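Below is one structure, written out as C-alpha cells; comments come after it.
Quick note: the coordinates plus some simple rules give every number you see, no bench work behind them. Keep in mind that what you see is a predicted model, and the values were worked out from it rather than measured. No Cβ is skipped: glycine too gets one built from the backbone with ideal geometry, and neighbour counts run over all protein chains shown.
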Amino acid sequence: MAISRSARFWHGQNDEDLATYLRDFRAGGYPVEHVRRLACALCGNATFLALVDDEQGAAAADCLECGARTLVADSAEHIDDAELEGCACPCGGETFTASVGYAMTQDDEVRWISLGLRCLSDGTLGVYTDWKIDYTPTEHLFSSN
Ligand SMILES: [Zn+2]
Ligand SMILES: [Zn+2]
C-alpha cells in the first residue's frame with residue numbers, strides 16, 4: 001500500500017490512495033460504498049481550490065485550469081446560505097485533487113457525503129467536510145458532479 005501512516009498525517013500518491021482513505025475514514029460512521037473522483041465539468045481538469053462550509057454541509061471546487069466552479073453533490077441547494085472557506089493543508093498548500101465518498105442505505109440511497117482532498121504539494125490526505133443526506137431519491141447526487 002502506498003499510503004504512509006507513519007507520519008502524523010496520512011499521505012497518498014494518487015487518487016486510489018485518496019479513495020482508500022475516504023473508505024477508511026467512514027464519515028458519519030457509515031461504510032463508504034462509492035468513491036468518485038471530481039473532474040471539472042467544463043474542461044475535465046482534476047485539480048482544484050476547494051471551499052467548504054462545514055456547518056451547512058456544502059462544498060465547491062474551483063478548477064485550477066479554467067476557473068469553473070463544481071458544486072459537490074447537492075451543494076447547489078445550500079450554496080446561497082453557505083459561508084465557504086478555502087481549504088488548506090497542514091503544509092499550507094491550497095491546491096488539491098478531490099474525491100467524493102458516498103455512504104449508502106440498505107435501499108441504495110445516499111446516506112452520507114464526504115469530501116476527500118489530496119494536497120498537490122505534499123500528498124497529505126484529508127476529509128475536509130461531510131454531511132448527511134436525509135431525503136430520497138438521491139440518484140441525482142451521482143450525476144450532479
Ligand atoms: Zn476546468
Ligand atoms: Zn500539503
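Residues that are out of contact with any Phe, Trp or Tyr (no Cβ under 9 Å at 6 or more places or on another chain), in contact (Cβ under 8 Å) with a residue 60 or more places away in the chain and farther than 25 Å from Gln106 by Cβ within the stretch 15-65 comprise Asp15, Leu18, Arg37, Ala41, Asp53, listed in sequence order.
Look at Thr70 and say whether it is of a type in the set (Val, Ile, Thr) and either closer than 20 Å to Ser121 by Cβ or out of contact with any Cys (no Cβ under 7 Å at 6 or more places or on another chain) (or both). Against the criterion (of a type in the set (Val, Ile, Thr) and either closer than 20 Å to Ser121 by Cβ or out of contact with any Cys (no Cβ under 7 Å at 6 or more places or on another chain) (or both)), Thr70 does not qualify. If you go through the stretch 65-87, how many residues are surrounded by fewer than 17 Cβ atoms within 10 Å (Cβ to Cβ) and either of a type in the set (S, T, N, Q) or within 16 Å of ligand 2 (Cβ to nearest atom) (or both)? Going through the stretch 65-87 one residue at a time, the tally reaches 1.
Selection of the stretch 15-47 for residues being within 16 Å of Ala61 (Cβ to Cβ) and within 16 Å of ligand 2 (Cβ to nearest atom) yields Asp15, Leu18, Thr47. Here Ala59 meets each of (1) under 20 Å from Glu94 (Cα atoms); (2) small (Gly, Ala, Ser); (3) surrounded by fewer than 20 Cβ atoms within 10 Å (Cβ to Cβ) with one exception, condition (3).
Here Thr97 meets each of (1) touching a residue at least 12 places away in the same chain (Cβ under 8 Å); (2) more than 15 Å from ligand 2 (Cβ to nearest atom) with one exception, condition (2).
Annotation for the stretch 110-122: at least one member residue is surrounded by fewer than 20 Cβ atoms within 10 Å (Cβ to Cβ) and within 16 Å of ligand 1 (Cβ to nearest atom).
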